[in-house]
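Engineer: After the structure tokens below, expect a handful of questions from me.
Values quoted throughout were computed directly from the atomic coordinates according to the rules given, and no laboratory measurement underlies them. This structure is a prediction, so every number in the text was calculated from the model and none was measured. Every residue, glycine among them, receives a Cβ derived from its backbone with ideal geometry; neighbour counts consider all protein chains shown.
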Amino acid sequence: LGGYDSMNKSNREICIVLPSKNEGKTIKKVINEIYDIFQVNGYNKPTVIVSDDSNDRTRKIAKSAGAIVVNGGGKGLGFAMYQGLKYSLRYNPDLILSCDSDGQIDLNEIPKFIKAIENNKADLVLGSRFIQSNLVQYKYRWLNRLGVIVLSRILRSFTGLKFTDSHGGLRCMKPEVVRELEMIGTHTYVQETIIDAYEKGFRI
């Protein structure tokens, strides 16, 4: 990004995309925590985009909390994520983050993701809940864990990278990654977006 490294972090435009489906109980808390974390860490207030596929009060609550709400399209969370990411480009951001909106993500990790790109280590930064033991502090079904193991191995075979989690709920990326993103599936979007970025030569 032209001039990115020399830009004061308080002047950077950062968008955060929250794909959601019936997250009325958690969406306000997530949005408020994001604003607080950015303020504490000296970053400019982010543009929060909730790409929503709900039939509860998620949209109304998100708007009242200061978020921009985009219709997710009714095709599932994968399509809602895609819609939200593409919509974020309208704001000409320096960085784009995506985050699960169910309240299970440790949002205090956000600055680590931003710094990885600030330090020019990657174009797409992913998180892992299994990079060390005891990181998952909520009930996690063994069947889900088995699925993550299988899908992580598939990602490793495609990319040669040492993935330990196929479904980390927090990502940070340069806008070029989103601009070039092409996606077909609505259920395998987590893996598909990673493979798409890898095949286009982005550093993960």
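Engineer: Could I have the simple spin-label model distance between Asn120 and Glu33, label points 7 Å from Cα toward Cβ, reported in nm to one decimal?
Structural biologist: For Asn120 paired with Glu33, the spin-label model returns 3.4 nm.
Engineer: Ok, one more. What does the charge count around Lys63 come to, taking other residues whose C-beta lies under 12 Å from its C-beta (Lys +1, Arg +1, Asp -1, Glu -1)?
Structural biologist: Numbers: positive: Lys28, Arg57, Arg59, Lys60; negative: Asp52.
Charge balance near Lys63 sits at +3.
Engineer: Roughly speaking, what is the stretch gain from Arg153 to Lys75, that is 0.36 nm per residue apart minus the C-alpha to C-alpha distance, in nm to one decimal?
Structural biologist: Stretched fully, the Arg153-Lys75 segment lengthens by 25.4 nm.
Engineer: Starting at the first residue of the stretch 86-102, write each ³J(HN,Hα) from the Karplus equation 6.51 cos²θ - 1.76 cosθ + 1.60 with θ = phi - 60°, in whole Hz, x for Gly and Pro.
Structural biologist: 3J(HN,Hα) across the stretch 86-102, in whole Hz: 5, 5, 4, 5, 4, 9, 6, x, 7, 9, 10, 10, 10, 8, 5, 10, 8.
Engineer: While we're here: Separation between the Glu176 and Lys60 pseudo-spin-labels, each 7 Å from Cα along Cα→Cβ, expressed in nm?
Structural biologist: 4.4 nm
Engineer: List the aspartates and glutamates whose Cα sits under 20 Å from the Cα of Lys60, skipping any in the same chain fewer than 8 residues away.
Structural biologist: In chain and number order, the partners are Glu23, Glu33, Asp52, Asp100, Asp102.
Engineer: For a quick check: with amide H placed at 1.01 Å from N, whose amide H comes under 5 Å from Val69's, ignoring anything fewer than 5 positions away on the same chain?
Structural biologist: So Val69 has HN proximity to Val50.
Engineer: Calculate the spin-label point distance for Lys25 paired with Lys86, positioning each point 7 Å from the Cα along the beta-carbon direction, and give it in nanometres.
Structural biologist: 3.3 nm
Engineer: Which pairs, out of Lys115/Lys162; Lys75/Lys112; Lys29/Lys162; Lys63/Lys200, put more than 30 Å between their alpha-carbon atoms?
Structural biologist: Values: Lys115/Lys162 21 Å; Lys75/Lys112 32 Å; Lys29/Lys162 33 Å; Lys63/Lys200 35 Å.
Distance filter (> 30 Å) returns Lys75/Lys112; Lys29/Lys162; Lys63/Lys200.
Engineer: Could you size up the charge dipole of the stretch 85-125 around its Cα centre, putting +1 on the beta carbon of Lys and Arg and -1 on that of Asp and Glu, and report it in debye to the nearest 20?
Structural biologist: Details: 5 positive and 7 negative charges, 41 e Å.
The dipole magnitude comes to about 200 debye.
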